[in-house]
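Right, one structure below, let's go through it.
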Ligand SMILES: [Zn+2]
Ligand SMILES: [Zn+2]
């Protein structure tokens, strides 16, 4: 098999040839047909996340080099271990990558994505920037019949992140959620909010073009936090604030806007990883009865729920650009430069 692997952090990926694994026990070998290139791959490739200011979070631990990135994996089953019963050679599947240890209270609760001993595909375990990928168990494979090839892969990260955040919200039929940050994942959030809640969502972004796109995609109303009276207008439009706001940026400014927009008893869920720090007078928590939480991708059962919405055609597809596997390094560079529209999907 061939992979485009990290051999040195921050350096271009290199072509690595290795023996194609033979699945043992419960394992399944996929021939990778498509693998999405995610912005977090850029950070792993760099070896660190920017935490704002001069702070960097080192993310080089937990994997050996050479390492194959890629956690949005779609492929064809080409070999199965002796314990595999639910999939057969020739089946087309997407792989849930947020795999845990499988034997801790968190995993037992069905929240493998939050396990402290992760075995995430393309993060700790070899991923999909390759001709083949080994999946540890059939339960991580999902059918995507009816979803465009290459598009299905992208739901395993950005789609699931958006869906997982929306699932945490408590929204009545007469209220609207606010989506802060209308980039790729935020726009996906808008799609899921439309599909999951009775009222169309509100949107906020500092980019006028993104606001217009959100309006076109079905946002009920949009706000630009750069306008001095944006928050005042939102509070008036919503009769005192929204029940929930999801911050897809995760910066000091975006969180400030999200916090200001929720009504008493409301909730703010942070998804974005832009960085920065936040402080608020403690008495305001009880006085406004507000809660703040974070959301990280989603669980396997949420992934099944999400795929049902996607298969039912309730989520408009994002633009996908297919590139050959050897364009992996260039694709990371393009993401770094911010010149990618939609999602790049490698086609080994
Ligand atoms: Zn991702
Ligand atoms: Zn675990």
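Coordinate-derived values only; no laboratory data. Nothing here was measured: the structure is a model prediction, and the numbers come from that model. FYI the Cβ positions are ideal-geometry reconstructions off the backbone, even for glycines, and counts take in every protein chain you see.
Using only the alpha carbons, work out the radius of gyration and Dmax of segment 130-258 in angstrom.
16.6, 54
By how many degrees, between 0 and 90 and to the nearest 10, does the Cα long axis of helix 184-196 differ from the longest principal axis of the chain?
Tilt of helix 184-196: around 70 degrees.
Segment 274-323: percent of C-alpha pairs farther apart than 18 Å?
I get 64 percent for the Cα pairs in segment 274-323 exceeding 18 Å.
From the Cα trace of segment 112-164, what convex hull volume per residue do you get, rounded to a whole Å³? Provide the component values of the computation, followed by the final result.
Numbers: hull volume 5.9 nm³, N = 53.
Enclosed volume per residue, from the Cα hull, is 110 Å³.
When a footprinting reagent is the concern and you count Cβ atoms within 10 Å, what order do 301, 331, 18 take, fewest first?
301, 18, 331
Rounded to whole Å, give me the distance from the Cα center of segment 243-294 to that of segment 144-187.
Answer, in whole Å: 19.
What Kirkwood radius, in Å to one decimal, follows from the Cα pairs of segment 73-121?
Working: mean 1/r = 0.0820 Å⁻¹.
Answer for segment 73-121: a Kirkwood hydrodynamic radius of 12.2 Å.
Could you compute Rg(Cα) / (2.2 N^0.38 Å) for segment 184-231, with N its residue count?
That works out to 1.10 for segment 184-231.
If each residue of separation counts as 0.36 nm, what is the full-extension length gain between residue 104 and residue 172 once their alpha-carbon separation is subtracted?
Result: 21.0 nm gained on full extension.
What per residue convex hull volume, in Å³, do the alpha-carbon atoms of the chain yield? Before the final figure, lay out each step's value.
On the way: hull volume 48.5 nm³, N = 348.
Taking the convex hull of the Cα positions in the chain, it is 139 Å³ per residue.
Given labels modelled 7 Å from the Cα in the Cβ direction, how far is it in nm from residue 15 to residue 220?
Between residue 15 and residue 220, the label points sit 5.4 nm apart.
With a 10 Å cut-off between alpha carbons and a GNM built on the chain, which of 152, 228, 165 moves the most?
Comparing 152, 228, 165 in a Gaussian network model of the chain, the most mobile one is 228.
Contour minus end-to-end for residue 26 and residue 336, with contour as 0.36 nm per residue of separation and end-to-end as the Cα-Cα distance?
107.9 nm is the gain from fully extending residue 26 to residue 336.
For residue 253 and residue 208, compute 0.36 nm times the residue count separating them, minus their Cα-Cα distance, and round to one decimal in nm.
The residue 253-residue 208 span can extend by a further 14.6 nm.
Normalise the Debye intensity by I(0) for segment 205-318, one equal point scatterer per Cα, no solvent, then take log10 at q = 0.14, 0.21, 0.23 Å⁻¹ and round to two decimals.
For segment 205-318 at q = 0.14, 0.21, 0.23 Å⁻¹, log10 I(q)/I(0) is -0.71, -1.32, -1.39.
Mind giving me the nanometre distance, one decimal, between the label points for residue 50 and residue 321, set 7 Å out from Cα along Cα→Cβ?
Computed distance between label sites residue 50 and residue 321 equals 2.0 nm.
Given the rule -39500 (n - 2.57) for each run of at least 4 DSSP H residues, summed and divided by the residues of the chain, what is its mean residue ellipticity at 222 nm, to the nearest 500 deg cm²/dmol?
-7000 deg cm²/dmol
Can you give the Rg to Rh ratio for segment 44-184, taking only C-alpha atoms and Rh from Kirkwood?
1.00
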